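**Q** Quick one: this structure, given as structure tokens, is what I'll be asking you about.
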Amino acid sequence: MWLQLLIILVFIGILASLAIGAGFLLRDSAKSKRLLVSLKWRIGLTCLLMALLVFGFWSGELG
């Protein structure tokens, strides 16, 4: 139960980072680093999501 909730929260975080990054892409100047920081967060959260999914299937909690 806790693992599924954590996976959902990480996925929501990825979607939020994607939306924020799109906003930065449309509004910021070329010298702004905020789009890159948003991309780094999204990559980190995606790696965490993959690790949680692998752990969940390995431990048998996800099916």
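Read-outs: derived from the displayed coordinates by stated rules, not from any lab. Everything numeric in this text was worked out from a predicted model, so none of it was measured. Backbone-built Cβ (ideal geometry, glycine too); neighbour counts: all protein chains shown.
**Q** Between PHE55, LEU36, ILE14, whose Cα lies farthest towards the positive end of the dipole of the chain when Lys and Arg beta carbons carry +1 and Asp and Glu beta carbons carry -1, centred on the Cα centre?
**A** About the Cα centre, the residue reaching furthest to the positive side is LEU36.
**Q** Continuing with this model, one more query. Expressed as a fraction of 2.2 N^0.38 Å, the rule-of-thumb size for a compact globular protein of N residues, what is the C-alpha radius of gyration of the chain?
**A** Details: Rg = 14.6 Å, N = 63, 2.2 N^0.38 = 10.6 Å.
Here the answer is 1.37, to two decimals.
**Q** With an 8 Å Cα cut-off and a minimum separation of 6 or more residues, compute the relative contact order for the chain in percent.
**A** So the answer I get is 44 percent.
**Q** What is the magnitude of the charge dipole of segment 21-63 about its Cα centre, with +1 placed on the Cβ of each Lys and Arg, -1 on the Cβ of each Asp and Glu, and no other charges, expressed in debye to the nearest 20?
**A** Result for segment 21-63 is approximately 400 debye, rounded to the nearest 20.
**Q** Related question: Relative to the longest principal axis of the C-alpha atoms of the chain, give the angle of the C-alpha long axis of helix 2-27, reported between 0 and 90° and rounded to the nearest 10°.
**A** Around 10 degrees separate the two axes.
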